[in-house]
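Heads up: the structure comes next, in structure tokens.
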Amino acid sequence: MKTVDIARRAVRGLRNAKARTILTSLAIAVGAFTITVSLAAGEGARQYADKLIGSNVNPSALFIVKDKSIFEGGGRQAGLQVYDQNIGTTSTGLTLKQMTQADVDILKARDDIENVVPTYAPTVRYMQFGDNDKKFTGQLAAYDPTILSEAAFGSLPVMGKDIDDTQAVVPESFATVLVDQKVIKSPQELVGKTITMTAVSSKSLASGEQLAQAYATGGQAAVEALTVPETKEFTFMVSALTKKSATALASTSAIQIPASEARAISEYTTLGTDGYQKYVGATALVKDGNDPAAVKDKLLQKEFYAQTAEDLQGVVFAVVNTLQGIVLGFGIVALIASVFGIINTQYISVLERTREIGLMKALGMRGKSVSRLFQFEAAWIGFLGGIIGTIIAVAAGLALNPWLTEKLGIGEGNYILIFQPIPIIIMIVALMLIAMLAGWFPARKAAKLDPIEALRTE
Amino acid sequence: MVIEVSSLTKTYGKKNSAFKALDDVSFTVPDGASVAIVGKSGSGKSTLMHAMSGLDRPEAGQVIIDGVDILKLKNKAVDRFRSEKIGFIFQAFFVQANETSFDNVALPLEISNVSAKERKQRVDEALKTVGLDDKTKQKARNLSGGQKQRLAIARAIVNKPSIIFADEPTGNLDSATGEIIEDLLFGLNKTGGSTLIIVTHDADLASKCDIQVYIKDGKIDRIDNNVTTQPFASPTEEGAEL
Ligand SMILES: Nc1ncnc2c1ncn2[C@@H]1O[C@H](COP(=O)(O)OP(=O)(O)OP(=O)(O)O)[C@@H](O)[C@H]1O
Ligand SMILES: [Mg+2]
């Protein structure tokens, strides 16, 4: 029997059992829906991450550390360890091998990287805006020229260029707080205003001996004078407010100051302590004509651990892929369930149509053709399920995309569900093959049916 | 086509419960003859017909059609032989209720790979022969009993078979409709030249056939020949005298 004729009879066979066909294919549709959505979400997330990293991170940027555990998901739990003045403990109790000034100097001396900037951790006791007396505290960070920010007000230098020594960049959200606190009337007013930051030196902590001596000579007043910490003011002018952007990676929750000033503040506040000139890591740019990955390998030989822009992308993609894998897993579980649905339906179909099968075999139809007839029916069920599932997924996805974009705050014009025809077509073909495979057992039963027995059944 | 049945034996069940449905059955059917296989219910008529058409494989004996023992053929060859050379009319109609008249009749042609164009022509012709040309697009379930039986006949003759097997073709019909069916079958036998083998317990119908094979408990009881005193006359003479 010709394949077209078998396929035609298969379609008619399904049409004669409409309810059963649709119910069985709905089971597959659930799997198809889940898989389509997971494919679309994975694609959307990858494209978004790509856009995010591509437009924000200089491809030649490197982040270099001395402790590779930073790239492996955080530091080690501390426990009791032999003291090492280069090992710092974070507030959450994780220990990190820090980078020393000597390490930074080694990096600066290299000829394959430039713009080596350690990650200064500048902290000040408080800051004041303009002439207002109100004191505020807030996060500080060194301005990172390798990451692009978007200015809401004022202006920012182009990517790769640093801000001036006296300039500071403030997140727009900080300006909103200042408006609430009646320091300024509107956010844009902040641009051009000064920020005065007061840092406290730690070396002013007097020893017990000094205190005793002071008490002996000057009494209570002398002790107080001695324990008043030494402070220093650093003044900047706000050059821009950064916008909270959906496609910006920059840490928008810190006031950014020039690296040189960040260094001055952190060294002033840590002088005389273990934290002096110790850094979590450093950022650098790979010089033109050098491959970031190759530089990374060379750094590794010197026990520096580096992450390239591509690695960062890899990390994000790995997360996306894992999440997508989980959703995909649900889809596959649904499919496995539907496979049993197909087997069951087709078995019932074979039983119901025993006489029809017997007749066809008595008229000389090959067992192979009978088997093919039932497998084609299964394939059609798979096709139908795939189509129903994808249509619902695409329709729901397109309808929900604007809402999802808003909820996730990923920026206008970016969609988290991106449907691509090729993976969908591949999926539907795969569903048909799976359905055919599931239909194989009932089809074999049909093919092996003895026509005389079959014709005898009433 | 000459059909030679020799020493056919078919046993159902094993050992203690063994039951001989056919016991050493032998006879010959000349080309173009009409044969009635007559016997009581359960005597083995259907079993014999199934063996003669290659549907069943008895454990002993031969069915030689045109010099070939079809019981020795491979499955594939037997299937092909059935699809090309044989037309079946089963005891119950066995038409596919959900399919149209056209698709019912087209089935044997589809099985033997006839092109769609030729199929259309031959199906229309067969439906016209049985007087169902106005029901081409009707679902078979909407046909009356007699129409269903005529549809079964159309399906049996559409591939122009050399042998037509009919198991109780008029068993379920009233006498008037039965007569129409009988006329159709004998018409095909006389004018189409196909060998006709009818299984029946209707003595009237049996007497209209050239040869009557009486079966009793799986054995040949007797063979009557209406046409010539010589039971195994040459096929050409047989045809000429009709
Ligand atoms: N699969 C089987 N297993 C056991 N016995 C069987 C089987 N098929 C048929 N028989 C027996 O073989 C005998 C002949 O059956 P068959 O169907 O050939 O009878 P028949 O002459 O066609 O009867 P009817 O006129 O009622 O159709 C019966 O006794 C039947 O019970
Ligand atoms: Mg019978």
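The values are calculated or read from the model by the stated rules, or taken from the named source; none is laboratory data. The structure displayed is predicted, hence computed values, not measured ones. Positions of Cβ are generated from backbone atoms using ideal geometry, with glycine treated the same way; all protein chains shown enter the neighbour counts.
For (1) over 27 Å from A:ILE348 (Cα atoms); (2) without any contact (Cβ under 8 Å) to a residue 12 or more places away in the chain; (3) in the same structural domain as A:LEU373 (by TED's automatic domain parsing), each residue gets a yes or a no:
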{"position": "A:ILE416", "(1), (2), (3)": "yes, no, yes"}
{"position": "A:ILE425", "(1), (2), (3)": "yes, yes, yes"}
{"position": "A:LEU431", "(1), (2), (3)": "no, no, yes"}
{"position": "A:ALA438", "(1), (2), (3)": "no, no, yes"}
{"position": "A:PRO442", "(1), (2), (3)": "no, no, yes"}
{"position": "A:LYS445", "(1), (2), (3)": "no, no, yes"}
{"position": "A:ALA454", "(1), (2), (3)": "no, no, no"}
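Identify, from the list B:ALA51, B:ALA21, the residue that is among the hydrophobic types (A, V, I, L, M, F, W, C), within 14 Å of ligand 2 (Cβ to nearest atom) and assigned to a strand (DSSP E or B).
Numbers: B:ALA51 fails: assigned to a strand (DSSP E or B).
Just a single option satisfies the conditions, and that option is B:ALA21.
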Report task. Please work out which residue is surrounded by the fewest Cβ atoms within 10 Å (Cβ to Cβ), limiting yourself to region B:34-47 and to residues that are in contact (Cβ under 8 Å) with a residue 12 or more places away in the chain and either on the phi > 0 side of the Ramachandran plot or part of a strand (DSSP E or B) (or both). Result -> B:GLY39
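Is it the case that some residue within region A:81-89 is surrounded by 16 or more Cβ atoms within 10 Å (Cβ to Cβ) and modelled with pLDDT of 80 or more?
no
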Query raised in the report: Condition test on A:ARG444, is it at pLDDT 90 or above and closer than 30 Å to B:ARG57 by Cβ?
Result: yes
Query - Whichever residue in region B:34-50 is near ligand 1 (Cβ under 10 Å from one of its atoms) and under 12 Å from the mean Cα position of the chain (by Cα) and, among such residues, is farthest from the other protein chains (Cβ to nearest Cβ) - result: B:ILE37
**Report entry** B:ALA116, sole failed condition from (1) under 24 Å from A:ARG353 (Cα atoms); (2) facing chain A (nearest Cβ under 9 Å); (3) of a type in the set (Gly, Ala, Ser)
**Finding:** (1)
Report summary line: Being in a helix (DSSP H, G or I) and within 27 Å of the chain's Cα centre (by Cα) narrows A:LYS361, A:LYS445, A:LYS407 down to just A:LYS407
Query raised in the report: How many of the residues making up region B:196-215 are assigned to a helix (DSSP H, G or I), farther than 19 Å from B:ILE157 by Cβ and within 15 Å of ligand 2 (Cβ to nearest atom)?
Result: 1
Report task. Looking only at region A:392-412, decide whether some residue is more than 14 Å from every other protein chain (Cβ to nearest Cβ), crowded, with 19+ Cβ neighbours inside 10 Å, away from ligand 2 (no atom under 16 Å from the Cβ) and without any contact (Cβ under 8 Å) to a residue 24 or more places away in the chain. Result -> yes
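Per-residue answers, yes or no, for (1) surrounded by fewer than 20 Cβ atoms within 10 Å (Cβ to Cβ); (2) without any contact (Cβ under 8 Å) to a residue 60 or more places away in the chain; (3) away from ligand 1 (no atom under 11 Å from the Cβ); (4) under 15 Å from the mean Cα position of the chain (by Cα):
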site: B:VAL2; (1), (2), (3), (4): yes, no, yes, yes
site: B:PHE19; (1), (2), (3), (4): yes, yes, no, no
site: B:GLY32; (1), (2), (3), (4): no, no, yes, yes
site: B:MET52; (1), (2), (3), (4): no, no, yes, yes
site: B:VAL68; (1), (2), (3), (4): yes, yes, yes, no
**Report entry** Qualifying strands (runs of 3 or more DSSP E) (wholly inside region A:217-326; at least 3 residues being closer than 20 Å to A:PHE174 by Cβ)
**Finding:** A:231-242, A:255-257
Query raised in the report: Of (1) in a helix (DSSP H, G or I); (2) within 14 Å of chain B (Cβ to nearest Cβ); (3) touching a residue at least 60 places away in the same chain (Cβ under 8 Å), A:ASP5 satisfies all except one. Which?
Result: (3)
Query raised in the report: Restricting the search to region A:325-360, which residues are more than 14 Å from chain B (Cβ to nearest Cβ) and over 22 Å from A:THR21 (Cα atoms)?
Result: A:GLY325, A:ILE326, A:VAL327, A:LEU328, A:GLY329, A:PHE330
Report task. Could you list, in sequence order, all residues of region B:186-220 that are of a type in the set (A, V, I, L, M), surrounded by 15 or more Cβ atoms within 10 Å (Cβ to Cβ) and within 16 Å of ligand 1 (Cβ to nearest atom)? Result -> B:ILE197, B:ILE198, B:VAL199, B:LEU205, B:ALA206, B:VAL213, B:ILE215, B:ILE220
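Report yes if some residue within region A:178-201 is more than 38 Å from the chain's Cα centre (by Cα) and touching a residue at least 60 places away in the same chain (Cβ under 8 Å); otherwise report no.
yes
For residues that are basic (Lys, Arg) and surrounded by 23 or more Cβ atoms within 10 Å (Cβ to Cβ), scanning just region B:149-185, find the one that is modelled with the lowest pLDDT.
Here the residue is B:ARG150.
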Query - Filter pass, B:LEU132 being more than 16 Å from ligand 1 (Cβ to nearest atom), surrounded by 21 or more Cβ atoms within 10 Å (Cβ to Cβ), more than 10 Å from chain A (Cβ to nearest Cβ) and more than 21 Å from A:THR354 (Cβ to Cβ) - result: yes
Report task. Just name the residue that is nearest to the other protein chains (Cβ to nearest Cβ) out of those in region B:82-111 that are surrounded by 20 or more Cβ atoms within 10 Å (Cβ to Cβ) and of a type in the set (Ser, Thr, Tyr). Result -> B:SER83
Query - Any chance B:ARG57 is within 14 Å of chain A (Cβ to nearest Cβ), surrounded by fewer than 21 Cβ atoms within 10 Å (Cβ to Cβ) and within 16 Å of ligand 1 (Cβ to nearest atom) - result: yes
Query - Residue under evaluation A:LEU363, criteria (1) more than 14 Å from chain B (Cβ to nearest Cβ); (2) in contact with a strand residue (DSSP E or B) (Cβ under 8 Å, 6 or more places away or on another chain), criterion not met - result: (1)
Query raised in the report: Under the condition of being over 16 Å from B:MET52 (Cβ atoms) and within 16 Å of ligand 2 (Cβ to nearest atom), which residue from region B:216-227 is nearest to the other protein chains (Cβ to nearest Cβ)?
Result: B:ASP217
Report task. Please work out if A:LYS368 is buried (at least 22 other Cβ atoms within 10 Å of the Cβ), closer than 30 Å to B:ARG57 by Cα and within 14 Å of chain B (Cβ to nearest Cβ). Result -> no
Report task. Would you be able to tell me the number of residues in region B:137-148 that are buried (at least 19 other Cβ atoms within 10 Å of the Cβ) and either within 16 Å of ligand 2 (Cβ to nearest atom) or within 14 Å of chain A (Cβ to nearest Cβ) (or both)? Result -> 2
Query raised in the report: Among the residues of region B:54-66, is any within 14 Å of the chain's Cα centre (by Cα), farther than 21 Å from A:LEU449 by Cβ and within 13 Å of ligand 2 (Cβ to nearest atom)?
Result: no
Report task. State whether the residues of region B:109-127 include one that is within 16 Å of ligand 1 (Cβ to nearest atom), more than 26 Å from A:LYS368 (Cβ to Cβ) and at pLDDT 90 or above. Result -> no
Query raised in the report: Name the residues in region A:297-309 that are farther than 24 Å from A:ALA141 by Cβ and touching a residue at least 12 places away in the same chain (Cβ under 8 Å), would you?
Result: A:LYS298, A:LYS302, A:GLU303
